[in-house]
Amino acid sequence: MPDASPETILSVLRDCRTIAVVGLSPKTHRDSYHVAEYLQQQGYRIVPINPQASEILGQRCWPSLTEAAQHGPIDVVDVFRNSADVPPIADEAIAIGAKALWLQLGVRHDEAAARARAAGLQVVQERCTLVEHGRLQGLGQL
C-alpha cells in the first residue's frame, strides 16, 4: 500500500480541525500527551480516547470513538496504539464518518489502511502529526 502523499498530509493538517487521539495518555512524559498538547496549542480540538481516564488536557475523555462521535464530529482519528490494534479502530473511524485515519510513527497496518481508503478516508501511516505539522508550518504551508 502506498504511503500518504505530501498532498494528503497537507490536506489532513490544513482542513481537519478535530482530532480524536486514540491511546492518549494522561502521563505528561508520554509521546501521545506531548503530541496532543502541541496540536491543541496549534488550535486543533483534541478529543481524548482512553477508557482508563476521565479527562486529559482539560478535555473529557471518551472510552471509544463511537461514544465520542455522539457528542460531535471527528475529522481525524490519530492512533497511538500497537499496529495489531488498528483494524477495529479503523473500522470505528469508518463507522463514525471520520475524514482521515492517521497512524503514528511505528504504527502500520496495510489491510486496515486499505479498508479505510476504500471507505473514502485519507490515510497516513508511520508519521508523527507533530513533526509533519511543524515541517509544513516551517515551509509556510499551514
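The values are calculated or read from the model by the stated rules, or taken from the named source; none is laboratory data. The structure displayed is predicted, hence computed values, not measured ones. Heads up, the Cβs are rebuilt from the backbone with ideal geometry, glycines too, and the neighbour counts pull from every protein chain shown.
Summary of values
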{"read-out": "Test for Tyr44: is it aromatic (Phe, Trp, Tyr) and out of contact with any Pro (no Cβ under 8 Å at 6 or more places or on another chain)", "value": "yes"}
{"read-out": "Hits in region 21-55 (condition: small (Gly, Ala, Ser) and under 14 Å from Val79 (Cα atoms))", "value": "Gly23, Ser25, Ser32, Ala36"}
{"read-out": "Single residue of region 106-134 satisfying the filter (crowded, with 18+ Cβ neighbours inside 10 Å and of a type in the set (Gly, Ala, Ser)) that is farthest from Ala84 (Cα to Cα)", "value": "Ala116"}
{"read-out": "Candidate set: region 51-84, residues that are of a type in the set (D, E, K, R) and closer than 24 Å to Glu126 by Cα; chosen: the one farthest from the chain's Cα centre (by Cα)", "value": "Arg81"}
{"read-out": "Close pairs from region 108-136: first at negative phi and of a type in the set (Gly, Ala, Ser), partner in a helix (DSSP H, G or I) and surrounded by fewer than 23 Cβ atoms within 10 Å (Cβ to Cβ), Cβ under 7 Å, at least 6 apart", "value": "Ala112/Pro87; Ala116/Ile94; Ala119/Ile94"}
{"read-out": "From the options Tyr38, Tyr33, residue that is of a type in the set (Phe, Trp, Tyr), closer than 20 Å to Ala4 by Cβ and in a helix (DSSP H, G or I)", "value": "Tyr38"}
{"read-out": "Check on Ile46, surrounded by 12 or more Cβ atoms within 10 Å (Cβ to Cβ), in contact with a helix residue (DSSP H, G or I) (Cβ under 7 Å, 6 or more places away or on another chain), at pLDDT 95 or above and in a loop (DSSP other than H, G, I, E, B)", "value": "no"}
{"read-out": "Some residue of region 98-105 being surrounded by fewer than 16 Cβ atoms within 10 Å (Cβ to Cβ), at pLDDT 95 or above and of a type outside the set (A, V, I, L, M)", "value": "no"}
